[in-house]
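What follows is a short report on a single structure.
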Amino acid sequence: PMPEPTIRFNDQSRPCPAGLTLTTLLQREGVNAERVATAVNARFVPREARDATPLHPGDEVITFEAIVGG
């Protein structure tokens, strides 16, 4: 059988079903989407664009604490 398509999420392999979006991935992983910034393949994805950001097998997704102020 074909191996299951996967993405990398914070250096972990995760399944990548068809139609997966960045928002869905964050929900599935239990990430508080309000508290993190996101990048797909080293490109920053603004919070309001996550619903419209499809993920594809082989994509690399990272979340990081959004630093505010300074």
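Per residue of the range 2-10, what does 6.51 cos²θ - 1.76 cosθ + 1.60 with θ = phi - 60° give for ³J(HN,Hα)? Whole Hz please, x for Gly and Pro, Karplus curve as stated. Karplus-based 3J(HN,Hα) across the range 2-10 equals 5, x, 5, x, 9, 10, 9, 10, 6 Hz. Across the range 35-52, rounded Karplus estimates of 3J(HN,Hα) from the backbone phi angles (6.51 cos²θ - 1.76 cosθ + 1.60, θ = phi - 60°) give 9, 10, 9, 10, 9, 10, 6, 6, 10, 4, 10, x, 3, 5, 9, 5, 4, 9 Hz, Gly and Pro being marked x.
In a simple Cβ point-charge model (Lys, Arg +1; Asp, Glu -1; nothing else charged), the chain has a dipole of about 40 debye relative to its Cα centre.
Across the range 27-32, coupling constants 3J(HN,Hα) worked out from phi with the 6.51/-1.76/1.60 Karplus curve, θ = phi - 60°, read 4, 4, 8, x, 8, 6 Hz, and Gly and Pro carry x. For T53, the amide hydrogen comes within under 5 Å of the amide hydrogens of L22, T23, counting only partners 5 or more places away or on other chains and with H modelled in the peptide plane. Annotation: amide H-H contacts under 5 Å for V45 (H modelled 1.01 Å from N, sequence separation of 5 or more, or interchain): T38, A39, V40.
Can you pull the percent of the chain's accessible area that's carbon plus sulfur, 1.4 Å probe, other chains left in place? Of the solvent-accessible surface of the chain, carbon and sulfur hold 55 percent.
The values are calculated or read from the model by the stated rules, or taken from the named source; none is laboratory data. Just so you know, these numbers come straight off a predicted model, no measurement behind them. Please note: Cβ atoms are built from the backbone with ideal geometry, for glycine as well, and neighbour counts cover all protein chains shown. Keep in mind that these areas ignore ligands, DNA and RNA; they rest on the heavy atoms of the full protein, side chains included. Shrake-Rupley method; radii C 1.70, N 1.55, O 1.52, S 1.80 Å.
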